[in-house]
1. When segment 128-147 is examined, which residues are found to be touching a residue at least 24 places away in the same chain (Cβ under 8 Å), farther than 14 Å from residue 193 by Cα, more than 16 Å from the ligand (Cβ to nearest atom) and not in a helix (DSSP H, G or I)?
2. Quick check on my filter: what residues within segment 99-132 are touching a Ser or Thr at 6+ places or on another chain (Cβ under 7 Å) and farther than 13 Å from residue 306 by Cα?
3. Would you tally the residues in segment 312-336 being buried (at least 20 other Cβ atoms within 10 Å of the Cβ), part of a loop (DSSP other than H, G, I, E, B) and at pLDDT below 90?
4. Look at segment 39-57 and say how many of its residues are in a loop (DSSP other than H, G, I, E, B) and over 18 Å from residue 154 (Cβ atoms).
5. Please work out if residue 108 is surrounded by fewer than 19 Cβ atoms within 10 Å (Cβ to Cβ), assigned to a loop (DSSP other than H, G, I, E, B) and more than 16 Å from the ligand (Cβ to nearest atom).
6. How many residues, within segment 5-24, are among the acidic types (Asp, Glu) and assigned to a loop (DSSP other than H, G, I, E, B)?
7. Any residue that is within 16 Å of the ligand (Cβ to nearest atom), modelled with pLDDT of 95 or more, surrounded by 14 or more Cβ atoms within 10 Å (Cβ to Cβ) and among the small types (Gly, Ala, Ser) - is there at least one of those in segment 350-361?
8. Out of 285, 293, 309, 339, I need the residue that is in a helix (DSSP H, G or I) and surrounded by 23 or more Cβ atoms within 10 Å (Cβ to Cβ). Which one?
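The values are calculated or read from the model by the stated rules, or taken from the named source; none is laboratory data. Remember, predicted model here, so these are calculated numbers, not experimental data. When we count neighbours, we look across all protein chains shown, and the Cβ atoms used for this are built from the backbone with ideal geometry, even at glycine.
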Amino acid sequence: MNAVPQPLGPLGEDDILQWLREDDEARLEDLWRAADGVRAACVGDEVHLRGLLEVSNHCVRRCAYCGISALVPGVSRYRMSEEEMLAGAHRARRLGYGTLVMQSGEDYAVERDRLSRVIRQIKAETRLAVTLSLGERPQDDLAAWREAGADRYLLRFETSDRSLYELLHPPHAGIVSDRIDILRRLQRLGYEIGGGVMVGIPGQTHRSLARDIAIFREMDMDMVGVGPYVAHPATPLGSGAVRPPDVGAEQAPCTDQMTCKVVALTRLVCPEANIPSTTALGTVAGEDGRALALRRGANVVMPNVTPPAYRAAYSIYPGKDTSVETADAWQERWGERLARMGRTVGTGPGHRRRRFYPDRKM
Ligand code: 5AD
């Protein structure tokens with residue numbers, strides 16, 4: 001059994017916290033180098049491409065920060081037909097991706113049985129790995145989709161600070177939202193699970209971010225997505241209608257650097273996880289920022305395969321890049337860039353590897 005590489009020693013929550021508070025560029029170089037080394041040793045030089053298909057922007061939830069929440073007026077709402085979803089899958093296949101990520105708001109008109117049919121057809125016709133990211137759906141839906149062949153599920157828990165979480169996520173249908181619990185159930189259903197958080201939510205402290213990262217490890221997450229919080233003026237949090245407590249100097253900034261710290265520390269505590277360089281990071285830091293995350297622990301990119309006609313309507317936050325993100329732009333501009341970074345485009349489905357942790361911990 002190989003020992004897990006720990007270039008900075010075993011990282012407890014207080015060590016993680018110290019790194020999150022570290023501002024000295026020279027010392028941070030050690031963090032970047034360590035994360036890149038663990039990335040290379042544990043998941044290799046392949047960068048896996050996942051085709052992101054935004055299947056519906058309808059949403060019943062009222063998350064205080066999100067531009068497609070039910071609260072936001074004036075969003076032009078769309079929902080793809082089964083044919084459109086299938087066409088998206090074939091497009092991802094043609095572009096050479098190993099995974100299709102189907103994402104939407106929490107939209108109950110994306111019905112259990114209809115989606116099960118689509119998943120079965122996608123698996124039969126394309127052999128792609130299928131990742132779902134459809135919100136906090138009931139257990140029966142999650143079980144049926146797993147049965148239909150879905151491989152993975154993404155559900156960011158956004159923050160482990162329970163009071164901040166509840167301020168930002170009003171209950172739906174009288175049920176208090178508990179995404180950590182849903183993630184555990186997804187794990188038991190046999191999904192690879194993806195958690196994650198936004199970095200720099202107003203009211204989010206360095207300490208609570210350190211806890212988030214410890215939870216990624218405790219739950220043995222297969223995927224972790226983190227991006228900076230980007231204020232959306234049409235949302236209650238963005239407009240100031242919802243005001244988390246002022247945490248002063250303890251406030252984690254919503255910067256590219258803080259996001260990279262979280263990515264790097266996540267790589268160190270979850271050496272085998274698939275970690276994307278996210279669209280939100282690209283939005284605040286441009287293509288260079290996205291490349292930076294790939295040098296600081298990330299190993300996945302999710303080019304957008306949503307048809308252009310729908311893309312602008314999937315406006316989770318302002319400035320969300322809808323052009324650079326396109327699959328075609330990716331092929332043109334990033335193929336070469338990756339090669340220069342000594343990385344290759346991943347082949348196959350890019351499942352979570354299990355070399356150091358052959359069994360689930362829980
Ligand atoms: N800024 C940054 N990320 C956001 N998300 C939603 N709204 C915003 C925002 N205003 C992220 C959440 C969600 C994911 C799909 O998008 O983390 O889980």
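1. Across segment 128-147, the qualifying residue is only 128.
2. Across segment 99-132, the qualifying residues are 99, 105, 107, 110, 128, 129, 131.
3. 1
4. Looking only at segment 39-57, we keep the residues that are in a loop (DSSP other than H, G, I, E, B), and these are 43-45, 57.
If we keep only those that are over 18 Å from residue 154 (Cβ atoms) too, we end up with 44-45.
Qualifying residue count, segment 39-57: 2.
5. Considered against the rule, which asks whether it is surrounded by fewer than 19 Cβ atoms within 10 Å (Cβ to Cβ), assigned to a loop (DSSP other than H, G, I, E, B) and more than 16 Å from the ligand (Cβ to nearest atom), residue 108 comes out as yes.
6. Here the count works out to 3.
7. Scanning segment 350-361, I find no residue that is within 16 Å of the ligand (Cβ to nearest atom), modelled with pLDDT of 95 or more, surrounded by 14 or more Cβ atoms within 10 Å (Cβ to Cβ) and among the small types (Gly, Ala, Ser), so the answer is no.
8. 293
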